[in-house]
1. Ignoring ligands and nucleic acids, what accessible area does residue 56 show with a 1.4 Å probe (Å², nearest 10)?
2. Once you put a point 7 Å from the Cα of residue 89 and another 7 Å from the Cα of residue 69, both along the Cβ direction, what distance in nm separates them?
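The values are calculated or read from the model by the stated rules, or taken from the named source; none is laboratory data. Fair warning: this is a prediction, and the values are worked out from it, not measured in the lab. All Cβ positions, even for glycine, are placed from backbone atoms using ideal geometry, and neighbour counts span all protein chains on display. Calculation scope for accessible area: heavy atoms of the full protein, side chains included, ligands and nucleic acids excluded. Shrake-Rupley method; radii C 1.70, N 1.55, O 1.52, S 1.80 Å.
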Amino acid sequence: MAARKSTKKRPRIEIDLAEVERLASLGLTQEQIAASLGISERTLRNRKESSAEFADAIKAGQAKGISEVANALWTNAMGGNVTAQIFFLKARAKWKDKHEDGAGDDDAPTERVTVTVVDGNADPE
């Protein structure tokens, strides 16, 4: 005789949407969010599919985290952090490194990057 599945449904797990949003804002993956909530990834996926509020909590959290990091990057770039300035311009202004094949002793290509930093307080020439 074949085993029959139980017809009893499991009780619905209550999940705090504010906590879902907070975890997503920290940059956690869905696997990590599920583990932090004490649920399976399958439950998380099912809840996202069946609840617009749950899916929105994840999206809002992700957007909040990205916004916070972008603001920190902006603050660092505007504060004179050249690395942050270069990263920002590559990511947002489509700047690219210029790669040139060099005539090195070992015939390996060399890489040259030219960056000009302008001090906003300097007198124009």
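1. Accessible surface of residue 56 is approximately 90 Å².
2. If labels sit at residue 89 and residue 69, their model points lie 2.3 nm apart.
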